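> My questions will all concern the structure given below.
The values are calculated or read from the model by the stated rules, or taken from the named source; none is laboratory data. Source: prediction; values computed, not measured. Cβ atoms come from the backbone with ideal geometry, glycine included; neighbour counts cover every protein chain shown.
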Number of protein chains: 2
Amino acid sequence: MLRVALVQMNSTVGDLAGNARRIAEGMEQARRDGADVVAFPELALTGYPPEDLLFRPRFVTENRRWLDWLAERSRGLTALVGFVDRDGDLYNAAAVLHDGRLAAVYRKMALPNYGVFDEYRYFRPGTSPLVLKLNGTSLGLSICEDIWYPGGPAEAEAVAGGAEVLINLSASPYHVGKVAGRDRMLATRAADYVAALLYVNLVGGQDELVFDGHSRAFDEKGNLAAGAMGFAEDYLLVEVQVERIFQHRLVDPRWRRPALADGPLPLSVVELPPVARPARTTHLLPGERLRGAVVPVASGSAQHPEAGAAPASPADPDPEAAEVYAAITLAIRDYVRKNGFSKVVLGLSGGIDSAVTACLAVDALGAENVVGVSNPSRFSSEHSKEDARSLAEALGITFYILPIEPVFKAYEELLAPVFAGRPFDVAEENLQARIRGTIWMALANKFGWLLLSTSNKSEAAVGYGTLYGDMAGGFAPLKDVSKLMVYRLARYRNRRGPGQPIPESTLAKPPSAELRPDQKDTDSLPPYELLDPILAALVEEDLPPEAVIAMGYPEEEVRRTAQMLFRSEYKRRQTPPGVKVTPRAFGRDRRYPITNRFREISS
Amino acid sequence: MLRVALVQMNSTVGDLAGNARRIAEGMEQARRDGADVVAFPELALTGYPPEDLLFRPRFVTENRRWLDWLAERSRGLTALVGFVDRDGDLYNAAAVLHDGRLAAVYRKMALPNYGVFDEYRYFRPGTSPLVLKLNGTSLGLSICEDIWYPGGPAEAEAVAGGAEVLINLSASPYHVGKVAGRDRMLATRAADYVAALLYVNLVGGQDELVFDGHSRAFDEKGNLAAGAMGFAEDYLLVEVQVERIFQHRLVDPRWRRPALADGPLPLSVVELPPVARPARTTHLLPGERLRGAVVPVASGSAQHPEAGAAPASPADPDPEAAEVYAAITLAIRDYVRKNGFSKVVLGLSGGIDSAVTACLAVDALGAENVVGVSNPSRFSSEHSKEDARSLAEALGITFYILPIEPVFKAYEELLAPVFAGRPFDVAEENLQARIRGTIWMALANKFGWLLLSTSNKSEAAVGYGTLYGDMAGGFAPLKDVSKLMVYRLARYRNRRGPGQPIPESTLAKPPSAELRPDQKDTDSLPPYELLDPILAALVEEDLPPEAVIAMGYPEEEVRRTAQMLFRSEYKRRQTPPGVKVTPRAFGRDRRYPITNRFREISS
C-alpha cells in the first residue's frame, strides 16, 4: 500500500525562495499525514512558465540551490518536485527527493511548442522514462505534455516497467471546456495501463494564463477516486492498494497486450531504499466507497487558505459561466498581488463590460480595493450615468464622477485650425475614449493603482475599441471573453450574489459606445448573436471563412467579420495582458503578422 | 559550366499573387540572361515569416496553386523557389521547378526555434539532403538555418553526393554585425566542402524584422566572387566552372577527409533531364579576375528599382551607423507601404530622438509624406521649440505647432478635487506626454496617417517613457536603437546629407523630457555613456549583472539598471512594433514574464 499526497499549489514565477518554502510546508504536511510520496506541480519551484528567465544562469543555479535545500528536508518521505535540471543543456524536470537526498531526476520527454507554449526555445527533451521502486511498489513519472501522447513514457513505465502508480506533474493552463477533456484523457490512460494515475496540477494566474488546479486521482479502471478544487490551492491524500492493481492486471485482457508499436522506450529504474515510518491506518472519507485501488484519505488545504477564493459552483444553471468567472477572479487576484499592487481603478460607463469587470475586481480584491470612475460626455445617456452610479453603490466601491466635456472642448479648440472643414468622425470618437484613458492613467499614476481595461474579446477581434482609450490598462480581465459570455457572466454574478449588483437596465439595453449621438454597436458590427459565433469559428476553431459560411452563417457577415479581424491585428499588439479562457486567445496563443496581404475572402 | 542567377527579392507576407508575379519576372530575366538555374529566397512565395497564416488551410492551398503556376513558366530553366510544402504536415521547402514541371522538393532540416524564430510551431523538419544532377553538374540544396550547422545537409550533399555547387535559400533577419559573421561562416562552408556556395537572401521589412539581402557567391576556396547590395532588391548572375572545382578537390587535403562523424545522412539524388538552350559566352565583369571557379557575370536589378533605396555607404567613417540607418529606412518604408499607408505623422520635441526619426521617415517616404507636430508646454525651452522648427524647415516637411497648455489646464482643473493636496509628480509628467499622444492620434485618425513613435531602446529598457504618450504609435523606428546609437545615426545623417537637417544644438544639449522645470534624463538615469553599455551587456548579451560588474561598470549603476529593466517589462508589452537591429531586441526576441519575482541583484 502506498500513501500519496498531491499538493496543488500556487507558485509565483521567479519567487524561488517563496516557492521553496511552500513546497517545504507541503512536504511537512504530507509527512504529518503519513504519506510515502508527496508530489508537486510541474516547475513548482520556479513557477510556470519562467520564459526567458531560463536564459539567466543565476536563475537556474538558484533553482538548484533551493532544490538541495528541499532535499535536506525530505527525510522520511519521497518528494517529487518540478525544477529546472542543468546538465550541458536545460531540462524541464522532476526531482525525486528521497529521505534527505536527490535520488533521481526525470526529464520531460514531450515538449509543447504550440499555442501558448515555446518549450523548444528553452529545453532539450528527455530520452528516458523513469520507474521508482519504493517499498515493493513501482511508480512511473511523467510531466504534463508527456501524458497527452498515447504511447509516451507512461506506457513504457506501466507496461515495460510494471509501474502500478503513474504520477504526472502538470502545469496545464485553463480554457473553458478543458477540464472535461483532460479528465477523459487521464481516465483513459489509467484504464489503458491498468494503473493508478495521480495528476497534480498547478493553480494560479501568471500574466495571460491561469492554471486551474483540478488535480485528480484515478483508479486503475479509470474511475475518479478523488479530485481537488478548481481555481484554489488544494491538497489530496490518497492510498493506492497496489495488490489490487496487480490482481486487476491479471484479468484485464489489455494488460497482456500484443506488441503494436515499436519496441519499448529505454527505461530507467531506480530502487529507493526503505524509509522508517510509524504505522498508519487507512481512513476512508465518509460517503466514499472502495471501487478501485485508489482510496481517498483526505482533501482540502489547511495549509494555504486563500482569502476570497470562490471556486466555481457546478450547481449553477450555467456552469461554464461559473467556471470562467472563477478563472478570471483568480487571474485578477494573482496579477494584481503578485505584481505588488493592492488597488485597481476602472472606468464605469454604465455598460455591461465595465459592470462585469467591476464585479470580478471586487470578488478578487475586495470592494475596498476597487475604484470606479464615471466620465460622462455630451453623448452619455442619463441611464448610463445612473447605471454606473447604482453599480458602484451596490458593490460598495469608491466612485468618482469626472465629466470630460471641458477637456474635450479644449482639444476641439486646439485642433480646430487643423481639422477645419472636416466632419465629426472616428477621430473625435476616439478622442473621447482617449481622454478617459488619460484620466484613468493619471489616477493610477498618482495613487499607485493598477488600471483595469474593460475591453472584451469581440471588440478586440474586430478592432471596435480605442487604443490608449478603453483598451488602455495594466490588465484586461475580459480580454478573452466574448460579448455574449460577458452577459452570461453578468447574469451568473447577479444569480450567485452577494446582492444583484448589475442593474437590470445594463443587462437589457442595446450595447453602445456612446461616442456620438444615438450610437449603437450594431451601427458598425453584426449583432453579437451573429458576430460571436462567427468569431468563435474563425478564431477559436481556426476555421476558414468558407467553412463558417458552410455552417449556415450569412456570407456577407462572415466576410465583413473576417476582414475586420485581419485588419485589426495592429491594435491587438498594443493591448494589455489578459487571461486566456478560450481554446485560442489573442496574444501569444495566436501569432498573426500585422503586415499581411493574405485575404481569405476577396473583397 | 553552370550559369546561376540569384534574385534577391522583397516579398510581402501573404501577397501570394504579387510574390508569384515577381518570381515569374525573376525567372524571365534569368532566362534572358541564359541562366541554367535561378534561385529565390526562403519562402519567397509566401513572404517570411508567415506566422499563424500557416494554420489557414487556404493559405497553404493557394501557395501551392501559385507554385504550379510558376512551374508552368519554368520552361527552359531550373528555378528554386521557397514555398510551403504540404504532405501530411507542413514543411518549409524549396521547389525545384524544371522545364515546366515540379521536379523535386527539398525540405528544410534545421528549424530555428530561438530568438525571433518559432519554426517548430509550424513545420516538421525534413530528413533528407537533396542533390540535383543537371547537365553534368551536381547541385546541393539547403534552406537558411541548415547552412549554419557544420555537418548539416550541405556536407552530405558535397561530400557524399559530390555536389560542386551548394545553393542556400535564406531569410536571415538583420542585426548589426550579422553580415560579417554570416559571410565568414558561408566562406568557411564553401572552403570546407570545396564547393561553390551561392547564398540568396530575402530583403525587406516585415513587422519587427528587416531582411538585409547581401546575397553572396563564394568560390570553392571561400573567396567572395560576387555580392549583392544590402537593404535593396538586387540580382546576381554568376558562372560556375565545375571542372575547376573537381580539379581543386583532387588537390585539397580536406576533400579526402577521414570519417569523423556518424555515417552520412540519407541522400536523395534527382536527375534533371537536359534542357535545350542557345549557346552563350562568358563575359567577365571589368576589373574582376578569375580566382576560383565562380565568375560574376552581371549584377544589379533592372527589374525592380526601388524609389529612395539608399543602401549603406561603407565609405562612411561610422559604417555601422550607416548600415543601421539603411536598415531602418527600409523597415519604415516597407511597414508603411505594405500596410497601405502613405503618410506618417510624428511629434517633434526639438530633441534628438524625434529629429532622427523625422530624417529616417523623410528618407524612407519623401518629405511630402511626413508631418511634424510640435506641442510645447509650460516646461518647453525656447531652444527646443526653435530646434523643432528648424529641423522641419530643413527637411521641408509639413509642420504644425499645437501648444498643450489649454488642454493641460483643463485636465488639471478636472482632477483637482481628486488630487487635492498632492504634489506635482509623475502623474502630471505622464499627463503631458499623453496629451501629446492623444493629439497625434487625433491627427492620425482624422487624416489616415500612421503615427511614428520616437521612443528609443534605452528608454524602453528602463521604463523611462510614457505609455500612450511618447510610446504611442503604429511603428517605432528607434525601438531597438540605443540612445548613443541615436546620436551616431544623427551625425551620420548630417554627414551624408542631403543638407545637415539636425540642428547642432539638438546634438549638443543634454537629453531632457522637459516634463517638469529643468528636468534632465540624468536626474533619473545613469548617463547614457554608462547606461547604454550596461544595457547592451544585460540585454543583447544576456549577461547576469555580476558579470557586468566584473566588466568594470559601477556596481550601484548596474544594480539600478537591472532593477529598472526587469520592473518595466509591462510597459514594453504595449509598445508599437519596431525593427530589430541588434542581436537581442525587445519583443518576440526577448520573452520575459511580467509577473516575476526573480531579482538577480538583491535590493
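> Pick out the one residue from A:Leu451, A:Leu535 that is assigned to a helix (DSSP H, G or I) and of a type outside the set (Lys, Arg). Reasoning before the result, please.
Working: A:Leu451 fails: assigned to a helix (DSSP H, G or I).
Of A:Leu451, A:Leu535, the one residue that is assigned to a helix (DSSP H, G or I) and of a type outside the set (Lys, Arg) is A:Leu535.
> Sticking with this structure for a sec: Can you find even one residue in the stretch B:488-496 that is surrounded by 24 or more Cβ atoms within 10 Å (Cβ to Cβ), within 13 Å of chain A (Cβ to nearest Cβ) and at pLDDT 95 or above?
The answer is no, given that none of the residues of the stretch B:488-496 is surrounded by 24 or more Cβ atoms within 10 Å (Cβ to Cβ), within 13 Å of chain A (Cβ to nearest Cβ) and at pLDDT 95 or above.
> On to the next question. Given the criteria closer than 20 Å to A:Tyr570 by Cβ and free of Cβ contacts under 8 Å to residues at least 60 places away in the same chain, does A:Leu431 qualify?
Working: closer than 20 Å to A:Tyr570 by Cβ: yes; free of Cβ contacts under 8 Å to residues at least 60 places away in the same chain: yes.
So A:Leu431 fits the description; yes.
> Would you please name the residue that is surrounded by the most Cβ atoms within 10 Å (Cβ to Cβ), looking only at residues in the stretch A:456-465 that are of a type outside the set (A, V, I, L, M) and in contact with a Lys or Arg (Cβ under 6 Å, 6 or more places away or on another chain)? Quick ask: steps written out before the conclusion?
Restricting attention to the stretch A:456-465, the residues satisfying the condition of being of a type outside the set (A, V, I, L, M) are A:456-459, A:463-465.
Add one more test, that the residue is in contact with a Lys or Arg (Cβ under 6 Å, 6 or more places away or on another chain), and what stays is A:456, A:458, A:463.
Numbers: A:Asn456: 29, A:Ser458: 26, A:Gly463: 19.
That would be A:Asn456.
> Closer than 22 Å to B:Ala388 by Cα and either at the interface with chain A (Cβ under 9 Å from one of its Cβ atoms) or in a helix (DSSP H, G or I) (or both): does that describe B:Ala444? Working first, answer last.
Values: closer than 22 Å to B:Ala388 by Cα: yes; either at the interface with chain A (Cβ under 9 Å from one of its Cβ atoms) or in a helix (DSSP H, G or I) (or both): yes.
Yes: the conditions hold for B:Ala444.
> Now for a different question. Just need a number here: residues in the stretch B:17-26 that are surrounded by fewer than 24 Cβ atoms within 10 Å (Cβ to Cβ) and either facing another protein chain (nearest Cβ under 9 Å) or β-branched (Val, Ile, Thr) (or both).
Number of matching residues: 2.
> Is one or more of the residues making up the stretch A:441-450 within 16 Å of A:Gly587 (Cα to Cα) and of a type outside the set (Gly, Ala, Ser)?
Restricting attention to the stretch A:441-450, the residues satisfying the condition of being within 16 Å of A:Gly587 (Cα to Cα) are none.
No - not one qualifying residue is present in the stretch A:441-450.
> Go through (1) among the hydrophobic types (A, V, I, L, M, F, W, C); (2) within 23 Å of B:Val294 (Cα to Cα); (3) over 17 Å from the mean Cα position of the chain (by Cα) one by one and return the number of the condition B:Met109 breaks.
Only one criterion is unmet by B:Met109, namely (2).
> For the stretch A:548-561, check the following and say yes or no: at least one residue is within 13 Å of chain B (Cβ to nearest Cβ) and either among the β-branched types (Val, Ile, Thr) or within 28 Å of the chain's Cα centre (by Cα) (or both).
Yes: one or more hits.
> Another question, then. Considering only residues that are assigned to a loop (DSSP other than H, G, I, E, B) and away from chain A (no Cβ under 12 Å), which ones fall in the stretch B:454-467? Please lay out each step first, then the result.
At the first step, the residues of the stretch B:454-467 found to be assigned to a loop (DSSP other than H, G, I, E, B) are B:454-456, B:463-467.
The answer is B:Thr454, B:Ser455, B:Asn456, B:Gly463, B:Tyr464, B:Gly465.
> When you check B:Arg567 against the structure, is it within 14 Å of another protein chain (Cβ to nearest Cβ), under 17 Å from B:Gly465 (Cβ atoms) and surrounded by fewer than 19 Cβ atoms within 10 Å (Cβ to Cβ), yes or no?
Details: within 14 Å of another protein chain (Cβ to nearest Cβ): yes; under 17 Å from B:Gly465 (Cβ atoms): yes; surrounded by fewer than 19 Cβ atoms within 10 Å (Cβ to Cβ): yes.
It is true that B:Arg567 is within 14 Å of another protein chain (Cβ to nearest Cβ), under 17 Å from B:Gly465 (Cβ atoms) and surrounded by fewer than 19 Cβ atoms within 10 Å (Cβ to Cβ).
> Given (1) within 14 Å of chain B (Cβ to nearest Cβ); (2) over 28 Å from the mean Cα position of the chain (by Cα); (3) not aromatic (Phe, Trp, Tyr), identify the lone condition not met by A:Ser524.
Unmet for A:Ser524, out of (1) within 14 Å of chain B (Cβ to nearest Cβ); (2) over 28 Å from the mean Cα position of the chain (by Cα); (3) not aromatic (Phe, Trp, Tyr): (1).
Yes/no per residue for (1) surrounded by 18 or more Cβ atoms within 10 Å (Cβ to Cβ); (2) more than 14 Å from chain B (Cβ to nearest Cβ); (3) at pLDDT below 95:
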{"residue": "A:Ile502", "(1), (2), (3)": "yes, yes, no"}
{"residue": "A:Glu541", "(1), (2), (3)": "no, no, yes"}
{"residue": "A:Pro545", "(1), (2), (3)": "yes, no, yes"}
{"residue": "A:Gly578", "(1), (2), (3)": "yes, no, no"}
{"residue": "A:Asp589", "(1), (2), (3)": "yes, no, yes"}
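> With the requirement that a residue be among the aliphatic types (A, V, I, L, M), assigned to a loop (DSSP other than H, G, I, E, B) and either under 13 Å from B:Glu155 (Cα atoms) or at pLDDT below 90 (or both), what does the stretch B:225-270 give you?
Answer for the stretch B:225-270, where residues must be among the aliphatic types (A, V, I, L, M), assigned to a loop (DSSP other than H, G, I, E, B) and either under 13 Å from B:Glu155 (Cα atoms) or at pLDDT below 90 (or both): B:Ala259, B:Leu260, B:Ala261, B:Leu265, B:Leu267.
> Next question, about the same structure. Closer than 30 Å to B:Val37 by Cβ, part of a strand (DSSP E or B) and modelled with pLDDT under 95 - does that describe any residue in the stretch B:311-323?
Checking the stretch B:311-323: not a single residue is closer than 30 Å to B:Val37 by Cβ, part of a strand (DSSP E or B) and modelled with pLDDT under 95.
> Would you pick out the residues in the stretch B:195-234 that are over 22 Å from B:Phe40 (Cβ atoms) and either within 14 Å of chain A (Cβ to nearest Cβ) or surrounded by fewer than 24 Cβ atoms within 10 Å (Cβ to Cβ) (or both)?
Residues satisfying the conditions are B:Glu208, B:Lys221, B:Gly222, B:Asn223.
> Which numbered condition trips up A:Asp542, out of (1) assigned to a loop (DSSP other than H, G, I, E, B); (2) farther than 30 Å from A:Val203 by Cα?
Evaluating A:Asp542 over (1) assigned to a loop (DSSP other than H, G, I, E, B); (2) farther than 30 Å from A:Val203 by Cα leaves (2) as the failure.
> Would a scan of the stretch B:37-51 turn up a residue that is among the aliphatic types (A, V, I, L, M) and surrounded by fewer than 23 Cβ atoms within 10 Å (Cβ to Cβ)?
Taking the stretch B:37-51 first, the residues among the aliphatic types (A, V, I, L, M) are B:37-39, B:43-45.
Narrowing the set further to residues that are surrounded by fewer than 23 Cβ atoms within 10 Å (Cβ to Cβ) leaves none.
Within the stretch B:37-51, not a single residue is among the aliphatic types (A, V, I, L, M) and surrounded by fewer than 23 Cβ atoms within 10 Å (Cβ to Cβ).
> I need a count of the residues in the stretch A:390-434 that are more than 7 Å from every other protein chain (Cβ to nearest Cβ), among the aliphatic types (A, V, I, L, M) and farther than 30 Å from A:Pro498 by Cβ.
So the answer is 4.
> Give me the pairs: first residue in the stretch B:42-60 and over 14 Å from B:Arg86 (Cβ atoms), second residue small (Gly, Ala, Ser) and not in a helix (DSSP H, G or I), beta-carbon distance under 6 Å, and six or more apart or on different chains, which are they?
Filtered contacts from the stretch B:42-60: B:Glu42/B:Gly82; B:Glu42/B:Ser170; B:Glu42/B:Ala171; B:Ala44/B:Ser11; B:Ala44/B:Gly82; B:Gly47/B:Ser11; B:Tyr48/B:Ala171.
> Mind listing whichever residues of the stretch A:33-63 are of a type in the set (D, E, K, R) and in contact with a Gly (Cβ under 6 Å, 6 or more places away or on another chain)?
Step one: filter the stretch A:33-63 for residues of a type in the set (D, E, K, R), giving A:33, A:36, A:42, A:51-52, A:56, A:58, A:62.
Within the stretch A:33-63, A:Glu42 is the sole residue that qualifies.
> What residue, of A:Asp480, A:Asp387, A:Asp470, is in contact with a Ser or Thr (Cβ under 9 Å, 6 or more places away or on another chain), more than 10 Å from chain B (Cβ to nearest Cβ), buried (at least 23 other Cβ atoms within 10 Å of the Cβ) and over 30 Å from A:Lys338 (Cβ atoms)?
Working: A:Asp480 fails: over 30 Å from A:Lys338 (Cβ atoms); A:Asp470 fails: over 30 Å from A:Lys338 (Cβ atoms).
Exactly one residue qualifies, and that residue is A:Asp387.
> Could you count how many residues in the stretch A:56-77 are at the interface with another protein chain (Cβ under 7 Å from one of its Cβ atoms) and either closer than 14 Å to B:Asn596 by Cα or of a type in the set (D, E, K, R) (or both)? Break it down stepwise before answering.
Applying the first criterion (at the interface with another protein chain (Cβ under 7 Å from one of its Cβ atoms)) to the stretch A:56-77 yields A:56-59.
Now narrow it down to the ones that are either closer than 14 Å to B:Asn596 by Cα or of a type in the set (D, E, K, R) (or both): A:56, A:58-59.
Within the stretch A:56-77, residues that are at the interface with another protein chain (Cβ under 7 Å from one of its Cβ atoms) and either closer than 14 Å to B:Asn596 by Cα or of a type in the set (D, E, K, R) (or both) number 3.
> Name the one entry in B:Leu6, B:Leu45 that is in contact with a Leu (Cβ under 6 Å, 6 or more places away or on another chain) and at negative phi. Don't jump to the end; show me each part of the working.
Working: B:Leu45 fails: in contact with a Leu (Cβ under 6 Å, 6 or more places away or on another chain).
Matching residue, one of B:Leu6, B:Leu45: B:Leu6.
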